[in-house]
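**Q** What follows is a structure written as structure tokens; I'll ask about it next.
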Amino acid sequence: MVVREDLQVLSSLQSIVEDLHCQYKSLQKGVVANYIPELAKVSPDLFAVCLVTVDGEVYQIGDRDRLFTIQSISKVFTYGLALEDRGRDDVLTRVGVEPTGDAFNAIILDEQSKRPYNPMVNAGAIATTSLIKGADATERLNRLLEMFRRYVGHDVFVDISVFTSERATGHRNRAMAHLMLNFGMIQPNIEESLDLYFQQCAVMVNCQDLAVMAATLANKGVNPITGKRALQSTYVKDILSVMYTCGMYNFAGEWAYKVGLPAKSGVCGGIIAVVPNKMGIGVFSPSLDQRGNSVRGVKVCEELSRILGLHLF
Ligand code: DON
């Protein structure tokens, strides 16, 4: 098969996603996340792959209609809204842009600045969410949901069971919020910000939604399906830079080396990857490796990058 760099051989993209789905659906490695009790109920067999080009073409296969909670992939988009709400300089005083090399839930802050290292790990994401503007908890939640709506092109809803399950068990995240409060890094209303963080993680999406969100970033902040802007173009590079260096946690270096694309994973088993000016990739498969990244998702992205020559360098 000939694959041209300009991706004009679009008909081959459907056969590529079908081949990869067929190749990896029998892969049985990894375990479904269970530290949030509601997440443990999901079937490890679920598997979907979707590509959305910046022209709005959609190629997909597998459990395409299955809804799941977006989890850490939300952090990317909340970071964008925080940048719009507060501006780059203000956000940088609260959340750094350094990769940690540590797990996503590590309880660490930068020794010098007392900032969380980056917005992709939990501590940084909680600090980011605390920056979202709004008169009260409802307005802040509505602004977040409206932001997600712009990216996916339809209304989104919070899975209340997953939200309450994480709120009841999220003591580690609560500890991080208290640590940041101790250093004056977040406002005192930490329960409200934690609720908002747990709610943003429990927003329901399907695999095509993930790919459209990634394609929106690939398309400089404009949703390629609706044609509407989701994010000011000036902040797209901020987001993609942080995704590239920190989006896959303590696998970010190997991912950058092998796949070479800005990406973000979530414990739901979702991964998004962005091919700037070309397309967005979404994969959903709930079995995770030890770093919390979808096993099949990593494999599919590695193969897509190799077959289509997507590595940025
Ligand atoms: O805060 C948490 O632990 C979850 N709501 C999200 C974590 C997550 O998705 C990490 N990703 N691999």
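The values are calculated or read from the model by the stated rules, or taken from the named source; none is laboratory data. Just so we're clear, the structure is a prediction, and the values are computed from it rather than from any experiment. Here the Cβ is made from the backbone with ideal geometry for all residues, glycine too, and neighbour counts use every protein chain on show.
**Q** Out of the residues in segment 278-287 that are within 14 Å of the ligand (Cβ to nearest atom) and crowded, with 24+ Cβ neighbours inside 10 Å, which is nearest to ASN219 (Cα to Cα)?
**A** My answer is VAL283.
**Q** Continuing with this model, one more query. What number of residues within segment 101-135 are within 13 Å of the ligand (Cβ to nearest atom) and of a type in the set (Ser, Thr, Tyr)?
**A** 2
**Q** Answer yes or no: is there a residue in segment 84-96 that is within 16 Å of the ligand (Cβ to nearest atom) and touching a residue at least 24 places away in the same chain (Cβ under 8 Å). Give the derivation first.
**A** The initial filter retains those residues of segment 84-96 that are within 16 Å of the ligand (Cβ to nearest atom), namely 95.
Checking which are touching a residue at least 24 places away in the same chain (Cβ under 8 Å) leaves us with 95.
Checked against the condition, which is being within 16 Å of the ligand (Cβ to nearest atom) and touching a residue at least 24 places away in the same chain (Cβ under 8 Å), segment 84-96 yields at least one hit.
**Q** Continuing with this model, one more query. Could you please give the count of residues in segment 20-48 that are charged (D, E, K, R) and within 16 Å of GLY62 (Cα to Cα)? Walk me through it before giving the result.
**A** Taking segment 20-48 as the starting set, the residues that turn out to be charged (D, E, K, R) are 25, 29, 38, 41, 45.
Next, from what is left, pick out any that are within 16 Å of GLY62 (Cα to Cα): 25, 45.
Going through segment 20-48 one residue at a time, the tally reaches 2.
**Q** Same structure again: Here are the criteria: (1) closer than 15 Å to CYS50 by Cβ; (2) within 13 Å of the ligand (Cβ to nearest atom); (3) touching a Cys at 6+ places or on another chain (Cβ under 8 Å). Tell me which single one GLY297 does not satisfy.
**A** Failing condition for GLY297: (3).
**Q** Ok, one more. Give the number of residues within segment 38-72 that are buried (at least 16 other Cβ atoms within 10 Å of the Cβ), away from the ligand (no atom under 16 Å from the Cβ) and among the hydroxyl-bearing types (Ser, Thr, Tyr).
**A** 2
**Q** Can I ask one more? Return a yes/no flag: does segment 75-82 have any residue that is touching a Cys at 6+ places or on another chain (Cβ under 9 Å) and of a type in the set (A, V, I, L, M, F, W, C).
**A** Here is the first cut: in segment 75-82, the residues touching a Cys at 6+ places or on another chain (Cβ under 9 Å) are 75.
Still in the list and also of a type in the set (A, V, I, L, M, F, W, C): none.
No, the conditions are met nowhere in segment 75-82.
**Q** Write out, first by first residue and then by second, each pair whose Cβ atoms fall under 7 Å of each other, whose residues are 6+ apart or on separate chains, and whose first residue, in segment 114-136, is of a type in the set (Ser, Thr, Tyr) while the second is more than 16 Å from the ligand (Cβ to nearest atom).
**A** Filtered contacts from segment 114-136: TYR117/GLY96; TYR117/GLU98; TYR117/ASP110; THR128/ALA82; SER130/GLN187.
**Q** A further question follows. Determine whether GLN187 is surrounded by fewer than 22 Cβ atoms within 10 Å (Cβ to Cβ) and over 17 Å from SER130 (Cβ atoms).
**A** Details: surrounded by fewer than 22 Cβ atoms within 10 Å (Cβ to Cβ): yes; over 17 Å from SER130 (Cβ atoms): no.
No, not satisfied.
**Q** Would you be able to tell me the number of residues in segment 169-183 that are surrounded by fewer than 20 Cβ atoms within 10 Å (Cβ to Cβ) and touching a residue at least 24 places away in the same chain (Cβ under 8 Å)? Walk me through it before giving the result.
**A** First pass over segment 169-183, keeping only residues surrounded by fewer than 20 Cβ atoms within 10 Å (Cβ to Cβ): 169, 171-172, 174-175, 178-179, 181-183.
Subsequent filtering for residues that are touching a residue at least 24 places away in the same chain (Cβ under 8 Å) retains 169, 172, 175, 179, 183.
Of the residues in segment 169-183, 5 are surrounded by fewer than 20 Cβ atoms within 10 Å (Cβ to Cβ) and touching a residue at least 24 places away in the same chain (Cβ under 8 Å).
**Q** Still on this model: Considering each residue of segment 136-162, count those that are within 16 Å of the ligand (Cβ to nearest atom) and over 22 Å from GLY282 (Cβ atoms), and give that number.
**A** The total comes to 3.
**Q** Let me ask something else. Can you name the number of the only condition in (1) more than 22 Å from LEU141 (Cα to Cα); (2) assigned by TED's automatic domain parsing to the domain that holds GLY87 that ILE190 fails?
**A** It is condition (1) that ILE190 fails.
**Q** If you don't mind, there's one more thing I want to ask. Look through GLY247, GLY270, GLY292 and report the one residue that is at positive phi and not assigned by TED's automatic domain parsing to the domain that holds ILE160. Spell out how you get there, then give the answer.
**A** Numbers: GLY247 fails: at positive phi; GLY270 fails: at positive phi.
One residue alone meets the criteria, GLY292.
**Q** So which of ALA263, ALA215, ALA256 is closer than 20 Å to THR53 by Cα, away from the ligand (no atom under 16 Å from the Cβ) and surrounded by 20 or more Cβ atoms within 10 Å (Cβ to Cβ)? Step through it out loud before you land on a result.
**A** On the way: ALA263 fails: away from the ligand (no atom under 16 Å from the Cβ); ALA256 fails: closer than 20 Å to THR53 by Cα.
On inspection, the qualifying residue turns out to be ALA215.
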